[in-house]
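Heads up: the structure comes next, in structure tokens.
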Amino acid sequence: MTTDGTYARVFDEVQIGKGIRPVAQHGYVTVEDGVLHLLGSDRHLIASAPMSKVKAGKARFSGGMTVAMKVDGSRYNVSPGYGDRAGKLVRPGRPELVEHAAEELLDLIEAGGGRVD
């Protein structure tokens, strides 16, 4: 539970990219105390911003599995649950679960005062 009595939401195994350049294959997106954080595979901070300053929408041609967002002035492509692991192999996550997680992330952004297109 967070300081304002709400629960934090953590999305793991998130594929994060900046344009076509991958930033994290097994990253994290956290939503806590009204702030969205993008974290790398080693949990280092990539970017963060108050939810009210985040702009997001479904990325075109992604089948609903990728969220295109602008955080702290930079554009990112985020696919929650996409970097699934099977032992030492990396495989795409199950499409229906990735799409559901992307929808949930968009709902959280909108509920936090961010702009969703």
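Every number here is computed from the coordinates shown, using simple stated rules; none is lab data. Predicted model only: the values in this text are computed from it and were never measured. All Cβ positions, glycine included, derive from the backbone under ideal geometry; neighbour counts span all protein chains shown.
Dipole orientation for region 1-80: of the candidates MET51, GLY17, VAL35, GLY17 has the Cα lying most toward the positive pole (charges on Cβ; Lys, Arg +1; Asp, Glu -1).
For the ranges 100-113, 23-36, what's the packing order if you count other beta-carbon atoms within 10 Å of each residue, average per peptide, and put the highest first?
Numbers: 100-113: 17.3, 23-36: 19.6.
Packing proxy ranking, top to bottom: 23-36, 100-113.
Sequence-distant contacts, meaning Cα pairs under 8 Å at least 6 residues apart, place the relative contact order of region 8-52 at 29 percent. For the listed peptides 12-18, 55-61, 68-74, a ranking on the average number of other beta carbons within 10 Å per residue, highest first, reads 12-18, 68-74, 55-61.
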